[in-house]
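The values are calculated or read from the model by the stated rules, or taken from the named source; none is laboratory data. Here the structure is a predicted model, which is why all the values come from computation and not from measurement. Glycine also receives a Cβ, built like all others from the backbone with ideal geometry; neighbour counts cover every protein chain displayed.
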Amino acid sequence: MGIVWGGVERELYAFFKSKGLCNNGIFGLFGNLYAESGMKPGNLQNSSEKKLGLTDEAYTAAVDSGNYKNFVHDSAGYGLAQWTYWSRKEAMLAFHQAKGASIGDALTQAEFLYKELSEGYKSVLSVLKTAASIREASDAVLLQFERPADQSEAVRKKRAGYGQEYEALYQKEGGNEGMTEAQARQKIVGIMQGWIGLKRSDRSHAPIIDTYNGNKPLPRGYAVTYNDAYCATTTSAAAIKAGYTDIIPVECSCYYLIEKAKAMGIWQENDAYIPAPGDEVLYDWDDGANYATTDNRGTPEHVGMVEAVSGSTIKVMEGNMSGGVVGRRNLQVNGRYIRGFICPNYASKATEKAPEKSIDEIATEVLAGRWGNNPERKQRLEAAGYNYEAVQAAVNQKAKGGASAKKSVAAIAQEVLLGKWGNNPARKKALEAAGYDYNAVQAEVNRLCRK
């Protein structure tokens, strides 16, 4: 059978998309998996079928039942990626058994593959999240992950070609090009996540600089050098990579980032603002000790991108941190040094409606077990377009409240829209004083406003 866009492909596409892989990365990976196994999770290496006298189905059933004892050491390639070496097959078997899944289950194999990438092949995973082309992603998988005996140019072209066929079928036969606002935000967050750990000292940050300089015309005509401070360059390069330069300002200067954001109408001056993933936070290191009660209007000196918000903690990814690395920082809401926020209009990139169910309804479903357990729960919720942090906050509130008389998140959100809880920052204080999770309520308010 040739390349198709069927159930396995759809399932794996949704899974890897939820993990932050870009489309080029997914299709480059798919091209390699097709070359290895025909995209068949139960595929047993052809030569091993003859040697063992077992079909794909018989081998899979024998491993699952425990009747076949030599899965780990038989040197037979198996599964989507044709795992062959004994230590990887041992880990694969243990992973599937721990989940109670068949060794031939496609999604469990995808989860195991992602586990291998995130633990032992981080540079490959980084490419799969940021690849500018299918060929770039395909070569990374071929040369650094699969490592077949034949790595010739002909093989590289062939595997990348398979990936391009998948892309064409995805667009033609049921691939969903749509994104919710949450998924649009996750797209650029995933790019930033793929750059974590890059350094100026060894020039591993060069792709960031090159991406920025490759976008013409250059802001103010300046080409960033590999030795320059590059915090603003990093968020700008992520915007370029994501194709979001129409909604996110591009600059290598923090000062001019703010000026451009103001001109675009997306600058948030309020230091106490609670951002969302994909928003940018600007810093002024000269902020005074009275930061909690005053508005910082100083000169910005640093910038990062919000990865997530949990309670009152903002998780930020930043280029050019201490030592010239791309790293992470935790920041408190209305914390010291916040200069303000850039809040791109990600809703303009959404081509699908946000989920229709309320945060409160989804929290009830989570408690009923319909969304599984973590980490799968988080993956499924985010893939469906829900804000995981908001859902989990509502779950926690329900679990604590039991049979209490507290109103649901949905009911409180309606009251907020009616003005019964005032405006921020007083609204946040009032909600939290009443025992409600502000982030969960605000997420539901945002959802209702988009309907």
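Residue 218 versus (1) at pLDDT 95 or above; (2) under 20 Å from residue 131 (Cα atoms): which is the lone unmet condition?
The single condition residue 218 does not satisfy is (2).
Cβ-Cβ under 7 Å, sequence separation 6+ or interchain: first residue in the stretch 151-162 and within 9 Å of residue 138 (Cα to Cα) and in the same structural domain as residue 136 (by TED's automatic domain parsing), partner of a type in the set (D, E, K, R) and surrounded by 13 or more Cβ atoms within 10 Å (Cβ to Cβ). Which pairs?
Qualifying pairs under 7 Å: 156/139; 160/135.
Among the residues of the stretch 326-351 satisfying the criterion of being assigned to a loop (DSSP other than H, G, I, E, B) and under 24 Å from the mean Cα position of the chain (by Cα), which is surrounded by the fewest Cβ atoms within 10 Å (Cβ to Cβ)? Spell out how you get there, then give the answer.
Here is the first cut: in the stretch 326-351, the residues assigned to a loop (DSSP other than H, G, I, E, B) are 333-337, 343-345, 350-351.
Subsequent filtering for residues that are under 24 Å from the mean Cα position of the chain (by Cα) retains 333, 343-345, 350-351.
On the way: 333: 19, 343: 20, 344: 23, 345: 16, 350: 19, 351: 13.
Residue satisfying both the conditions and the ranking: 351.
When you check residue 271 against the structure, is it charged (D, E, K, R), surrounded by 16 or more Cβ atoms within 10 Å (Cβ to Cβ) and over 16 Å from residue 346 (Cβ atoms), yes or no?
Values: charged (D, E, K, R): yes; surrounded by 16 or more Cβ atoms within 10 Å (Cβ to Cβ): yes; over 16 Å from residue 346 (Cβ atoms): yes.
Criteria met by residue 271.
Would you list the helices (runs of 4 or more DSSP H) that sit entirely within the stretch 1-111 and hold 1 or more residues that are over 29 Å from the mean Cα position of the chain (by Cα)? Reasoning before the result, please.
On the way: elements: 7-18, 23-37, 46-52, 56-65, 86-99.
Filter on the stretch 1-111 gives 46-52, 56-65, 86-99.
Among the listed residues 142, 125, which satisfies the condition of being crowded, with 22+ Cβ neighbours inside 10 Å and more than 24 Å from residue 242 (Cβ to Cβ)? Walk me through it before giving the result.
Values: 125 fails: more than 24 Å from residue 242 (Cβ to Cβ).
After ruling out the rest, the residue left standing is 142.
Applying the selection to the stretch 219-234, what residues are farther than 24 Å from residue 189 by Cα and either not in a loop (DSSP other than H, G, I, E, B) or not assigned by TED's automatic domain parsing to the domain that holds residue 260 (or both)?
220, 221
Going through the stretch 254-282 one residue at a time, which ones are over 15 Å from residue 305 (Cβ atoms), small (Gly, Ala, Ser) and assigned to a loop (DSSP other than H, G, I, E, B)?
265, 272
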